[in-house]
Each structure stands twice: as C-alpha cells, then as structure tokens.
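Report on the structure given below.
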Amino acid sequence: MRDGVERDPSREFAALAEAVERTGGSAAALRNPRIASLVVHQNRVLGLNALPGLTMDAEPLPDGIRAHVEVAPGTVLPDPVHLCFGVLPKEGVQRILATFRIGEGASAQFWAHCAFPNAERVQHLMEASIEVGGGARMAYTEVHYHGPYGGTEVLPKAVIRVHKGGQYVSEFKLVQGRVGLLSLDYVVHLGEGAVAELVAKVHGKGEDRIFLREALHLEGPYARGLVKSRIVLQDRAQAEFTGEAVGIGPYSRGHIDCTEILWGAEARASAVPKLLVVDERAKLTHEAAIGSIDRKELETLMARGLTEEEAVATVVRGLLR
Amino acid sequence: MAELLRIEGLVVEREGRAILRGVDLAVAEGEIHAILGANGTGKSTLAHALMGLSGYRPARGRILFAGQDITEKSVTERARLGITLAWQQPASFEGLTVREYLEIARRGGREGPAVEECLARVGLPPRNYLGRTLNDRLSGGERKRVELAAVLAMNPRLAILDEPDSGIDVLSLDDIMEVIRGMNRRGTTVLLITHREEFARAAHRASHLCGGRILKTGDCAEVVRFYKDFCKECASLPAPELEEVGQDEGRR
C-alpha cells in the first residue's frame, strides 16, 4: 500500500483505536484523513494514511510487517504521525521491521501506540533503522498499553544515525499494565553538532523483568546526547539499566541520568554506566540514584495532608509522567 | 489569647547526640512567634520535631497542640489537625507541577485562597509558574516562594516557617514578611524560625534558642537585644563554658 487512505472498519481497528485512547492518544486521529497514520494488527495493515511529503509503505510478513517511512527533505509535518501496533488475542507474535528516513532539513514527530491488552503469551519485536538527515529533526514517542497478565515480551532494537546538525528525541513509556519482559536496545550515532535525547520510563510490577540498554556514540565534533531513564519497581520486579556513552568527537558532550525507585522489599535494580572517552576534549558524565523514594519528598507531601500511600503514588506518578 | 502550641521538656537526639535538650515553649493562638538563634543551635530540629518528621521523634518531652498531645502523631495526622511546615530547603519533585502541588496543599488543609491567588501573593505570576514542575529548574528563591504559597493554600492553624528569608534577595524580604503578616491576619499562627534579627523584630513575640534550649522568651526587641549581646558573649568563650552560660541564662 502506498499514499492515500485505506481503512479497515473491522472490529480489530476499533479495538486498537480504543487501546490507543488508553495510552493517552486520540483514536479520532487514526480516522482523520488529514492526519498521517499507520495501524497494524499482528501482520495485517488495517489502516494507512500518508500525506504530501511523507511516504509510508507497509508490507506483511508471516509474523509481522516491514514498514518504510520517509519524510522528504525540507518537509515540516505540522501534526504528529500516529503509528499503532497491537496484538489483541492472548497469544501471538508481531515483528516490525522498520526504516525511517528523515530528509535533510525536514521535521517530523511520531506517536507510536503499542497495545497488547489481553496478552498472556505475546511477543512484540521491533528492529528499526532510523536515519535523521543533516539539520533535520525527529521526535519519536512510544507509549505501551499492556494488560494485567504479564505475558508480553517486548524486544525493541533501534540503530539511529543523526547527521550533522540533526536532532533526535525519543521517549519510550511503559507504565500501564504489566511489563512482562522488556529488553530495549537503542544505539544512537551522532555526527557533527547533532543532538539526541533518549528517555525511557517503565513501571515494573509482579515478576516483570526489564533490561534497558541505551547508548550514545558521539562521533562528530560538538555532538551532544542525553540518556535518561526513570524506572519504578514494585513487588518482585527487576531491572537492569545500562547507559553507554562514547566520546569520539572533540568537544562532544554526553550525560547518562538514571533513577530507579524500589517500591517493595523484593524488587531489585541495577544501573551500569559505561563511559569511554576517545578524544580528550570530549566530556561524559553520569548520575544514578537507586533506592526507595526520598523521605523528604514524601514528608513534604504528608505535611500537606496526604497519607504516606498517597504521597508515594504522587511521587511515582510525577516521575513516570 | 489562648495557647495553641505548648512544648514541654522536648529532647531530640540525632546520631546519639542531643540537639534539643529540654525545650519549653508556649505559643499563643494568633501570634507570630519568632525563634531566633545562630546556625547550629537546633532551630530546624525543633521545626522538624514539631512536624513529626522521621528521625526527629522526641526522646523525652511532649508537644501539645490545641490542648491535644500530638507527640506520637504522624506527619499526616498533624497536617490534618492544621499544622504545616515550610522547609528551609524544600524538596524538588520531578513531574509534579506547581499547580498540582498547590492543589494538594489546598485540599489537605482548610481550603485557603485559590492557587492563582496564593502564587500572586508570593510574587510569582501564576501564568508563568502554574505549569512548571517543582524540579531543579526552579531557582532556590522561586522554590521557597512556592513553598510559602503552599502554606497559604493550606490555610493552616499553625505554620512553621523554617528560615523563609534564606535564599531570598534582600529587596524582597519586606514582601515576604508582608505575606507572613497577611497569613497571620487571616487566622494562621506562625512559628517563624530565623537567624535574622530584622525579620524576628516583625513578630509579636520571640524566643531565643541556643544550645538546644530556649534561653529567653518575650518582647521581640528585648529578645533580639539579648540574642545580640548573649551571642557576642558566647563567641568569646571556650566551648565548655558556653554550655554553662546557656544554662545560667536559661534559669534567669
């Protein structure tokens, strides 16, 4: 399928649209012909709407889809492009092989809604190759909505290249429902003066297992990058965060910032910063805070009348917002 | 005026060391009562103990609020009775907006003015601040003003203000004092902790805290004079004698 509107009025579309609402997105946007969107259920493309300057192709694979998204050089998309990936049955596999090309000087924002509301044994794999051209800007927000069973495996991998003066900003958010297993692996290669900001927010519960690896390769001079993770772990959930930065370009700057909150005696968290300076003029820094919620924050809210439980919930909600 | 707060023989220890060593104090309902003392004399410890913060549970003594013994009550219970604290160095919160914070305070207390009004009173234009988060991007002075706005939003019976003047530029001190007077006029009793004499002078009464004890309580000018004279005397004495002076003065 290429540019143009194709709509599947199936119940799957409606169910996915409903799940999008639960991720804080707008179901109406998926039906709006003036807003670009791609809706995929397992390996079926239920809807695809491209706009001038934006090309989107999607072809089915036996266990998923292959998608190509391209924004023409100089194109500035005024509204976010909505991407919706989901598996509605209790079991299934969805593999997304995606390429994104943002042409020189272009600007585009993507909102990806990933819904697995009934998952008991669902695997969602993504392999993405992203190219952000010189002076271009790409923002990618991915919000997940999972069911309560903890039966989802989410395995996203992305290699991102940001060329001279380009910008890449991403936010990955999995705070609704059970995580299940999450193994996220993002690597960003930054050219001269390029900027990247990677943010991940995850709320683990029950027996959830979370592995995050986010890496900045600051290759060009004056490249800048920030990796920021916020993880809250309840019950027996476990998380392992690895933040990497390699300072290759002169005057490049990288910062790794990790906060992991343990909200339960049996939760476990670790954070591993890996910093490698290749050029002596590069500067890399990191900070990590792992532990329970700061007592002063809780008591400040309690002094305003909240109970301790309400104060904890308020701090967690803010952290994962 | 009726007594709102009474502290009897309060002893608070931190890491095996007594910080408050038998504080006795009575605060009348409707007054601004300054607690004056040099750095390290236990002023913040007193504020934290009155709010019931963890790590500041009294080893001895008791705290009475409106005639009720609150020594064993939790922070939340004290807040719901009408006590609140503005921290000297307020906490920062990621993702919590100024509006949300002030709404929490407003709901948790006696429903003070609207949050917009609270911010305006402390000199922060609401449209510029309500949407901002209480994170490190607010300056220390801005965060202190938001803390004061949260107290206004609670409209408490007793506000414990721990050095509301620190981190505030000198030109704004009069404005901050006017905010405190305003909350007092609207029915909040204020325990104003400070080491700044000019700030203490604006209170109705004052007490001088030194070495973990209240050495003198009375008219502000008199206590300020005592503080200045006594502290100069203290500074010239070796440490063991300092404690003796404190005890002697306390018995006067």
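The values are calculated or read from the model by the stated rules, or taken from the named source; none is laboratory data. Just so we're clear, the structure is a prediction, and the values are computed from it rather than from any experiment. For neighbour counting, all protein chains shown are included, and Cβ atoms are generated from backbone atoms with ideal geometry for every residue, glycine included.
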Go over the candidates A:GLU309, A:GLU287, A:GLU260 one by one and state the one that is over 27 Å from A:LEU190 (Cβ atoms) and of a type in the set (Asp, Glu). A:GLU309
Just to be sure before I move on: is B:ILE35 outside any loop (DSSP other than H, G, I, E, B), of a type outside the set (Ser, Thr, Tyr) and more than 9 Å from every other protein chain (Cβ to nearest Cβ) in the structure I sent? yes
Out of all the residues in region A:27-39, is one or more without any contact (Cβ under 8 Å) to a residue 12 or more places away in the chain, surrounded by 16 or more Cβ atoms within 10 Å (Cβ to Cβ) and farther than 17 Å from A:ALA158 by Cβ? yes
A:GLY254 vs (1) in contact with a Pro (Cβ under 9 Å, 6 or more places away or on another chain); (2) crowded, with 21+ Cβ neighbours inside 10 Å; (3) more than 14 Å from chain B (Cβ to nearest Cβ): all pass except (1)
For A:THR99, are the conditions met, namely being of a type in the set (S, T, N, Q), in contact (Cβ under 8 Å) with a residue 60 or more places away in the chain and in contact with a strand residue (DSSP E or B) (Cβ under 6 Å, 6 or more places away or on another chain)? no
Does B:ARG106 count as outside any loop (DSSP other than H, G, I, E, B), within 14 Å of chain A (Cβ to nearest Cβ) and of a type outside the set (A, V, I, L, M)? yes
Looking at A:ASN118 and the list (1) polar (S, T, N, Q); (2) buried (at least 22 other Cβ atoms within 10 Å of the Cβ); (3) at pLDDT below 95, which single condition is not satisfied? (2)
Go through (1) surrounded by 15 or more Cβ atoms within 10 Å (Cβ to Cβ); (2) in a loop (DSSP other than H, G, I, E, B) for B:LEU46 and report which single condition fails. (2)
Can you name the number of the only condition in (1) more than 14 Å from every other protein chain (Cβ to nearest Cβ); (2) crowded, with 23+ Cβ neighbours inside 10 Å that A:GLY264 fails? (2)
In region B:109-149, the residues that are assigned to a loop (DSSP other than H, G, I, E, B), away from every other protein chain (no Cβ under 12 Å) and crowded, with 16+ Cβ neighbours inside 10 Å: B:PRO113, B:VAL122, B:GLY123, B:LEU124, B:LEU130, B:LEU138
Exactly one of (1) within 14 Å of chain B (Cβ to nearest Cβ); (2) closer than 19 Å to A:VAL175 by Cβ; (3) hydrophobic (A, V, I, L, M, F, W, C) is unmet by A:PHE211. Its number? (1)
Give A:VAL202, A:VAL159, A:VAL179, A:VAL175 a once-over and let me know the one that is surrounded by 24 or more Cβ atoms within 10 Å (Cβ to Cβ) and not in a loop (DSSP other than H, G, I, E, B). A:VAL202
Condition check: over 26 Å from A:TYR149 (Cα atoms), out of contact with any Asp or Glu (no Cβ under 9 Å at 6 or more places or on another chain) and not small (Gly, Ala, Ser). Does A:VAL195 satisfy that? yes
Working only within region A:304-321, note down all residues that are within 11 Å of chain B (Cβ to nearest Cβ) and either within 17 Å of A:ASP257 (Cα to Cα) or surrounded by fewer than 21 Cβ atoms within 10 Å (Cβ to Cβ) (or both). A:THR307, A:GLU308, A:GLU309, A:GLU310, A:VAL316, A:ARG317, A:GLY318, A:LEU319, A:LEU320, A:ARG321
Identify, please: which residue in region B:87-102 is more than 10 Å from chain A (Cβ to nearest Cβ) and not in a loop (DSSP other than H, G, I, E, B) and is, among those, surrounded by the most Cβ atoms within 10 Å (Cβ to Cβ)? B:VAL98
Does any residue of region B:154-168 turn out to be at pLDDT below 95 and aliphatic (A, V, I, L, M)? yes
Would you be able to say whether some residue in region B:73-86 is within 14 Å of chain A (Cβ to nearest Cβ), of a type outside the set (S, T, N, Q), surrounded by fewer than 23 Cβ atoms within 10 Å (Cβ to Cβ) and part of a loop (DSSP other than H, G, I, E, B)? yes
Given the structure, is B:ARG132 more than 30 Å from B:GLU29 (Cβ to Cβ) and at pLDDT 95 or above? yes
Do any residues in region B:40-53 that are more than 19 Å from B:ASP69 (Cβ to Cβ) have Cβ atoms under 7 Å from those of residues that are hydroxyl-bearing (Ser, Thr, Tyr) and at pLDDT 95 or above, where the two are at least six apart or on different chains, and which pairs are they? B:THR45/B:TYR56
Quick count over region A:268-303, residues being more than 14 Å from chain B (Cβ to nearest Cβ) and assigned to a strand (DSSP E or B), is 17
Check whether at least one residue in region A:61-80 is within 15 Å of the chain's Cα centre (by Cα) and assigned to a strand (DSSP E or B), and report yes or no. no
B:ALA153, sole failed condition from (1) at the interface with chain A (Cβ under 9 Å from one of its Cβ atoms); (2) out of contact with any Gly (no Cβ under 6 Å at 6 or more places or on another chain): (2)
